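Notes to accompany the following structure.
Bear in mind these aren't lab numbers, they're just calculated from the coordinates by the rules spelled out. Worth saying up front: this structure is predicted, and the values here are computed from it rather than measured. No Cβ is skipped: glycine too gets one built from the backbone with ideal geometry, and neighbour counts run over all protein chains shown.
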Amino acid sequence: MKILIGVDDSPHSLAAVEYVRKMTWPKDSTIQVLSVVRPVVALYAEAYVPGPAYVGTMNEEVARFHQETAAKAERELQRTGLRTESKILNGDPRTELVEAARTERADLLVVGSHGRTGIAKLLMGSVASHVVAHAPCSVMVVKLRETAARGVAPGREHL
């Protein structure tokens, strides 16, 4: 079974990694951890705004951050004996995850849900919604309990 999991640095992504880590998968399963880098784009409003060299440096830093994020998720999954690899993609996470599922001939694509609604969902889009609608394979959307998203430790919701 070929499983792809999209990660970023959010608690929702960590919940998805944890969910995959706890599941029992067929012995020949492989898990590919994907993190998608949205390129930084410069907007020039004034003559003294940093130029393209600054944008290049920012893109390198963002790519390094995503590499570290994917590597951390990969190590977490490997601790339980899962066969993994990590990969960084460039572009819009919605389209890149769907294209990766198509290219890799994935059986399952796993993403965390940020749970955005209303204007936030309209302005930022929903990776999970897009992936569910367009992926060529099954999609698992892992939701984070609201108390965990607010920083409340599991089991302490009543306090």
Under-5 Å amide H pairs with L89, H placed in peptide plane, nonlocal only: S35, V36, V37
Vicinal HN-Hα couplings computed from phi for the range 28-36 (Karplus, 6.51 cos²θ - 1.76 cosθ + 1.60; Hz; Gly/Pro x): 8, 5, 10, 10, 10, 8, 10, 10, 9
Sorted by Cβ neighbour density within 10 Å, fewest at the top, the residues V111, V7: V7, V111
V142 long-range amide H proximity, modeled H, under 5 Å: V111, G112, S113
Taking L34, L108 and counting other C-beta atoms within 10 Å, the order from fewest to most: L108, L34
Fewest-first ranking of I31, I5, I88, using other Cβ atoms within 10 Å as the exposure measure: I88, I31, I5
